[in-house]
Amino acid sequence: MIWLVGSRGMLGTELSVFFEKRGIPYIGTGREIDITDRSTLRTFIRGVSSVVEWVINCAAYTAVDKAEDEAEMCRKINAEGAENIAVVAHEIGAKCIHFSTDYVFDGKRISPYTENGATNPIGVYGETKRNGEILVLQNCPASYIIRTAWLYGRYGSNFARTMCKLMNMEECVSVVEDQTGSPTWTFDLACTVGAFMSEPDIPFGIYHFTDEGNITWFDFAAAIYKKARKARVVKKECAVVPCTSDKFPAKVKRPAYSVLDKTKIKTTLGIVIPSWDTSLTSFLCSSED
């Protein structure tokens with residue numbers, strides 16, 4: 001049995017569908033279970049009749065700019081909440097999968113970040129996610145930390161869905177071209193979670209996963225437009241123009257370069273990771289929006 005924490009968000013919903021289609025038993029919880037209250041987590045898990053072998057934590061505070069004003073709430077969810085989940089997972093003898101982010105890095109490199117590279121978050125969100133990683137591994141050594149980036153998918157609010165909506169409404173959209181990373185389709189990440197769960201004796205620790213290749217947000221938006229027009233997800237012409245981050249003032253500077261090295265996960269799991277281009281096509285051809 002899997003306990004899927006945060007089962008109603010973008011990634012949590014993707015994993016829920018993934019498990020349901022494959023007949024994998026799981027129980028999903030959302031905001032009705034307060035992850036910042038360890039006693040609530042313990043009470044819940046005591047009421048589950050089946051043996052829980054995996055705890056997967058998709059719960060997170062992800063509002064990067066808002067986190068600067070709500071630092072304590074962000075810390076309680078991303079660090080303290082992650083710690084509580086890890087503690088309870090360890091108490092019941094379960095393995096834990098926890099998701100982290102490219103924002104643990106400062107973006108000053110010009111080559112992909114490896115798992116053992118020095119972290120240096122540049123905002124509250126990244127700092128709390130890094131602290132969450134540390135607390136999870138300290139309190140549940142049988143844990144996998146999966147750092148990912150630029151998530152998009154069919155569920156929840158995300159860049160790809162927002163772009164399609166704007167392109168159907170506006171004559172022109174401006175997208176930054178001074179931030180480079182790797183898009184990740186939530187379905188691909190869900191499949192990778194399945195690989196961790198199906199392969200025995202995978203060493204615990206930190207792993208990086210995104211789709212293959214790296215681009216700017218502008219490149220990504222331009223590809224979305226081209227493919228969405230072909231798939232008739234976007235039904236009108238819309239110009240996609242590049243701009244710098246200065247056009248969209250924010251409280252937190254985003255990492256200029258946040259490409260993650262995936263050698264470790266590919267070697268360890270023996271998986272072939274799809275290119276971002278291939279996955280974007282698959283996503284748009286399956287989209288109902």
- Considering residues that are in contact with an Asp or Glu (Cβ under 7 Å, 6 or more places away or on another chain), touching a residue at least 24 places away in the same chain (Cβ under 8 Å), surrounded by fewer than 23 Cβ atoms within 10 Å (Cβ to Cβ) and within 19 Å of residue 73 (Cβ to Cβ), the number found within the range 118-134 is 1
- Tell me, which residue of the range 180-209 that is out of contact with any Pro (no Cβ under 7 Å at 6 or more places or on another chain) and part of a loop (DSSP other than H, G, I, E, B) is nearest to residue 265 (Cα to Cα)? 209
- Query: Is it fair to say residue 133 is over 24 Å from residue 190 (Cβ atoms), assigned to a helix (DSSP H, G or I) and more than 13 Å from the chain's Cα centre (by Cα)?
  - Reply: no
- Item | Pairs where the first residue, in the range 206-230, is within 19 Å of residue 188 (Cβ to Cβ) and the second is among the hydroxyl-bearing types (Ser, Thr, Tyr) and in a helix (DSSP H, G or I), C-beta under 6 Å, 6+ apart | 209/192; 211/279; 227/281
- Message: Among the numbered criteria (1) surrounded by fewer than 22 Cβ atoms within 10 Å (Cβ to Cβ); (2) more than 15 Å from residue 97 (Cβ to Cβ), which one does residue 137 miss?
- Response: (2)
- Message: What's the total number of residues in the range 238-269 that are touching a residue at least 60 places away in the same chain (Cβ under 8 Å), outside any strand (DSSP E or B) and either over 25 Å from residue 196 (Cβ atoms) or more than 21 Å from the chain's Cα centre (by Cα) (or both)?
- Response: 12
- Item | residue 107, sole failed condition from (1) in contact with a strand residue (DSSP E or B) (Cβ under 6 Å, 6 or more places away or on another chain); (2) surrounded by fewer than 19 Cβ atoms within 10 Å (Cβ to Cβ) | (2)
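Where a number appears in this text, it was derived from the coordinates with a stated rule and is not lab data. This one's a predicted model, so the numbers in the text were calculated from it and none came from an experiment. Reconstructed Cβ throughout: ideal geometry from the backbone, glycine too, with neighbour counts over all protein chains shown.
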